[in-house]
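Below is one structure, written out as structure tokens; comments come after it.
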Amino acid sequence: MSTLRHFTVVPRLPPSLQRLRDIAYNLWWSWTPAGEELFVRLDPDLWAKVRGNPIELLSRADQARLDELAADDAFTSQLDTAWQTLQRYTLREGWFSRSFPDAAGARIAYFSMEYGIHECLPIYSGGLGVLAGDHLKTASDLGLPLVGVGLAYAEGYFRQALNADGWQGERYPINDWRRMPVAPVLDGAGNRLIIRVQYPETIVQAQLWKVQVGRVPLLLLDANLQENAPADRAITGPLYGGDQEFRVRQEIMLGIGGIHALAAMGLSPTICHMNEGHSAFLAIERISRVMRERGVSFYVASEANSAANIFTTHTPVPAGNDAFDPALVRRYLEPYRAALGLSDVELLGLGRIDPRDQAAPFSMPVLAFRTSDHYNGVSELHGEVSRKMWQGLWPDLPADEIPIESITNGVHTSSWVSYEMGSLFTRYLGPRWAEASDDPELWERAYEIPDAELWQVHEHRRHRLVQHARQWLRAAAENRGAGREELSLADEVLDPQALTIGFARRFATYKRAALLFRDLDRVRRLLADPQRPVQLVFAGKAHPQDRGGKELIRSIVHASRDTALRGRVVFIEDYDMRIARAMVSGVDVWLNTPRRPLEASGTSGMKAAANGALNVSVLDGWFAEAWRDHGWKVGWAIGRGEEYPDDSGDAREAELLYDLLEREVVPLFFARDGIGRLPRGWLERMKHTIVNLVPMFNTARMVREYARRFYVPGIKLSHKLTDGDLAGAKALTAWKERVRQAWPGVAVSDIRMDSRDELAVGEPLQVTVSVKLGALTPDDVAVELYHGPTGGGFEITHGNLVRMQVVQRESDGQWRFGGAIATSESGAHAFAARVIPYNDAMTHPYETSLIRWA
């Protein structure tokens, strides 16, 4: 065939509707009713058919309908109002610039393997991507100078279809980027902007697409170009597909290619935030650029960059992290090694807990830890788990001092609250609720919502979920070629009046989706009570290679065919954000049954809570914090935080779940008063849930935390290290090297303490220590007392620090330091003395990993 010349056909809109196209290319409409209503009004059936894709809608809309709306002054007035609202939104001053004027001119680059912004942009698989999408939306709301970086997947994540036996199949439809709300990035001459990424045997080209998310641009790299070989085009093929080599190639494109893309657009990032370790190769490219442009060593360039790199880990088990064969990584990083001035061992050591262990795999999270100075887990419990899991990077520190912090995830409230519930909030909380979602005083007004109105809205959403479920189940059955009986059943499943329990998430085995079905007889009694009907709605995908997850899906489908459960248990296929919105806004109870502590955070329960649903959950991830702070007011806890090494606790926790449902949840839901037939006790908990959980578990609070704790301190320290001729980075590098050389001569030689074995509460324990510093001075170190209760054992359970002060220099050249340990509670206590390097140019005191205990 002769060479193909490509062209794009765009919608022909009447002049008065041109702004409809402009709105379509800004995903602001996806969380703003004033925007989405325009597309729904154009053609509601077609809007549903194109899965909420406004570009596809406009391209397929009937021309007569477009002309009709152009002549409809009510519609054009609505369009003008929406356009003006978008303009005000994009031009207003943001919280970030008001709060941090000294950070003007800084730019934050947010890297993520996936983004869940709306179902019309299928470049996400689950919670990690949806969190990234909510992060971008909130950065836009708050006015952060942030740009997202990701990949434009030709296939994206798979579409799910179950066969007649309930076994999951996968298909990968090709994404047509020209029919999506994305725009090509052009150079100054109006041509496609192309970046080039070095691979071992070739250079791979990638074009760029831009997604506008409110005020925040998202750049997507696309290697699916004719100029590339087929294997190279596939780099941006499926999300989370292929073998180890495919993953390395993909993650090089994300990390190294992402930095190239930002540079090509003139967007030099001050801060780079890695959402999981997939993008950690970006650190190698950032270091290489500073070395090349500023003529400095690897170590100075690394110092200049690490203060401005942030790493958020989401994985609570080592096996869930990317770890690659060292020979594979050596091959793919060889084109970069010489420019870095590192040996093979030094380069691979960046991705190993013990750099000397040449047999160890190359870990992407370890690379991210070693090239960043800010790190966090995504809930308080996950922070604890991560500190234990990665203690090998700081082997001499107690686990509670490992410098991995925690910032609990949240959700973008206005993206997940239903239209009807949002209207109710506007009526009683005022229009600020969507922008001030982290204002506790504002959410206190939810107590003023009349019970009858809240229940009416909630029942309407449950009815809507039932309607949607029937439509989706029938469509899936038709696609399978099901018979008349199954099609008829799909039209009648679920009861709009029944207590509806939802479970929707990735079907990984540790999430225990089938925990509720351990005792089928008990489930039958629970669900089939005609006086108190209960029903279960499931949805979710298993990874294509996760046979255990697929077995869970099949087991639930089989359970749904049980005679007593038929019509009361459903599994909705092809879970996406559209189905998620319907479920979190339509269920009464959100069920969460992970094996603690394997759920890093979880956010689906937060979305359900924002709509007034009550959580029934294991105390894992975010719900451990919600329950600790609010208890029974916000739902029910399965157990009390027990942890089991394997599935030995499943029977016990299933029993607890049955007891909760039978004795508390179901009776409370069906306890109606004699006036308005309202479940007053249930409504009380719904209001407690909204008032207490929404202002805490949202991305406005989360992104402000990132800004205050990581972004702004990183910006300030980055300027301090890089201003001038990198004087700060050079000085800190030289200081660290001097400390490392002198460290063998550092020792605690003597400890003296108050001779009494017992102290009264409130009476301080006076301690002095003598320290050999060798070539160092007291200004180079911090001498500390690590102390705390032992709980009757031999280790300090939760330690505290006392910074000791110089008392004098002794005649033999040693230094004596003194300090006092406060005693605030009785019991067995202990302390230990130590010396660590100290420099106020470091982000945290453990950057060097050097420590000398007495």
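The values are calculated or read from the model by the stated rules, or taken from the named source; none is laboratory data. Small disclaimer: the values here were computed from a predicted structure and weren't measured. Cβ placement follows ideal geometry from the backbone for every residue including glycine, while neighbour counts extend to all protein chains displayed. Protein only, heavy atoms only, side chains kept; ligands, DNA and RNA dropped before computing areas. Shrake-Rupley method; radii C 1.70, N 1.55, O 1.52, S 1.80 Å.
Observations on the structure shown:
- Residues that are at pLDDT 95 or above and assigned to a loop (DSSP other than H, G, I, E, B) were ranked within segment 135-162; the one that is most open to solvent (accessible area, probe 1.4 Å) is PRO145.
- Note on segment 367-401: among residues that are of a type in the set (A, V, I, L, M), in contact (Cβ under 8 Å) with a residue 60 or more places away in the chain and out of contact with any His (no Cβ under 8 Å at 6 or more places or on another chain), the one that is surrounded by the most Cβ atoms within 10 Å (Cβ to Cβ) is ALA368.
- Some residue of segment 650-663 being under 30 Å from ASP373 (Cβ atoms) and touching a strand residue (DSSP E or B) at 6+ places or on another chain (Cβ under 7 Å): no
- Some residue of segment 531-541 being over 21 Å from VAL130 (Cβ atoms), at pLDDT below 95 and surrounded by fewer than 17 Cβ atoms within 10 Å (Cβ to Cβ): yes
- Qualifying residue in segment 619-635 (condition: closer than 20 Å to PHE517 by Cβ and among the aliphatic types (A, V, I, L, M)): no
- When residues of segment 309-326 are limited to those that are assigned to a loop (DSSP other than H, G, I, E, B) and within 25 Å of ILE271 (Cβ to Cβ), the one least open to solvent (accessible area, probe 1.4 Å): THR313
- Test: residue in segment 406-413 that is part of a helix (DSSP H, G or I), in contact with a strand residue (DSSP E or B) (Cβ under 7 Å, 6 or more places away or on another chain) and under 20 Å from ALA580 (Cβ atoms): yes
- Listed by first and then second residue, the pairs with beta-carbon distance under 9 Å, at least 6 apart or on different chains, first residue in segment 479-500 and over 12 Å from VAL537 (Cα atoms), second surrounded by 13 or more Cβ atoms within 10 Å (Cβ to Cβ) and of a type in the set (Asp, Glu), are ASN479/GLU573; ARG480/GLU486; PRO496/GLU459; GLN497/GLU459.
- Here TYR332 does not fit the description of being touching a residue at least 12 places away in the same chain (Cβ under 8 Å), aromatic (Phe, Trp, Tyr), open to solvent by less than 20 Å² (accessible area, probe 1.4 Å) and closer than 28 Å to GLY127 by Cβ.
- Entirely in segment 555-649, the strands (runs of 3 or more DSSP E) that have 1 or more residues that are modelled with pLDDT of 95 or more and hydroxyl-bearing (Ser, Thr, Tyr): 614-618
- Flag for LYS720 being within 30 Å of GLY774 (Cβ to Cβ), touching a residue at least 60 places away in the same chain (Cβ under 8 Å) and open to solvent by 30 Å² or more (accessible area, probe 1.4 Å): yes
- Residue selected from segment 728-752 under the condition without any contact (Cβ under 8 Å) to a residue 60 or more places away in the chain and of a type in the set (A, V, I, L, M), by the criterion nearest to ARG816 (Cα to Cα): ALA742
- The one condition from (1) touching a helix residue (DSSP H, G or I) at 6+ places or on another chain (Cβ under 6 Å); (2) farther than 18 Å from ALA48 by Cα; (3) surrounded by 18 or more Cβ atoms within 10 Å (Cβ to Cβ) that GLU448 does not meet is (3).
- Residue count, segment 181-192 (criterion: within 23 Å of PRO230 (Cβ to Cβ) and either touching a helix residue (DSSP H, G or I) at 6+ places or on another chain (Cβ under 7 Å) or in contact (Cβ under 8 Å) with a residue 24 or more places away in the chain (or both)): 1
- For segment 42-56, the set of residues classified as in contact with a Phe, Trp or Tyr (Cβ under 7 Å, 6 or more places away or on another chain) and touching a residue at least 24 places away in the same chain (Cβ under 8 Å) consists of PRO54 only.
- Scanning segment 426-445 for residues that are part of a helix (DSSP H, G or I) and either closer than 18 Å to LEU614 by Cβ or open to solvent by 10 Å² or more (accessible area, probe 1.4 Å) (or both) yields THR426, ARG427, TYR428, PRO431, ARG432, TRP433, ALA434, PRO440, GLU441, TRP443, GLU444, ARG445.
Conditions (1) closer than 30 Å to ARG701 by Cα; (2) open to solvent by less than 60 Å² (accessible area, probe 1.4 Å); (3) at pLDDT 95 or above, marked per residue:
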{"residue": "ARG12", "(1), (2), (3)": "no, no, no"}
{"residue": "ARG19", "(1), (2), (3)": "no, no, yes"}
{"residue": "TRP28", "(1), (2), (3)": "yes, yes, yes"}
{"residue": "GLN63", "(1), (2), (3)": "no, yes, no"}
{"residue": "GLN84", "(1), (2), (3)": "yes, no, yes"}
{"residue": "ARG88", "(1), (2), (3)": "yes, no, yes"}
{"residue": "PHE96", "(1), (2), (3)": "yes, yes, yes"}
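- Condition met for TYR510 (open to solvent by 30 Å² or more (accessible area, probe 1.4 Å), aromatic (Phe, Trp, Tyr) and over 26 Å from ILE407 (Cβ atoms)): no
- Contacts under 7 angstrom Cβ, first residue in segment 771-784 being in a strand (DSSP E or B), partner of a type in the set (D, E, K, R) and open to solvent by less than 10 Å² (accessible area, probe 1.4 Å), 6 or more apart: GLU784/ARG834
- Matching residues, segment 516-544, being closer than 24 Å to THR603 by Cβ and out of contact with any strand residue (DSSP E or B) (no Cβ under 9 Å at 6 or more places or on another chain): HIS543
- Answer from LEU785, LEU726 - the residue that is closer than 19 Å to LEU397 by Cα and surrounded by 19 or more Cβ atoms within 10 Å (Cβ to Cβ): LEU785
- Qualifying residue in segment 294-308 (condition: open to solvent by 20 Å² or more (accessible area, probe 1.4 Å), over 24 Å from PRO403 (Cβ atoms) and touching a Gly at 6+ places or on another chain (Cβ under 9 Å)): yes
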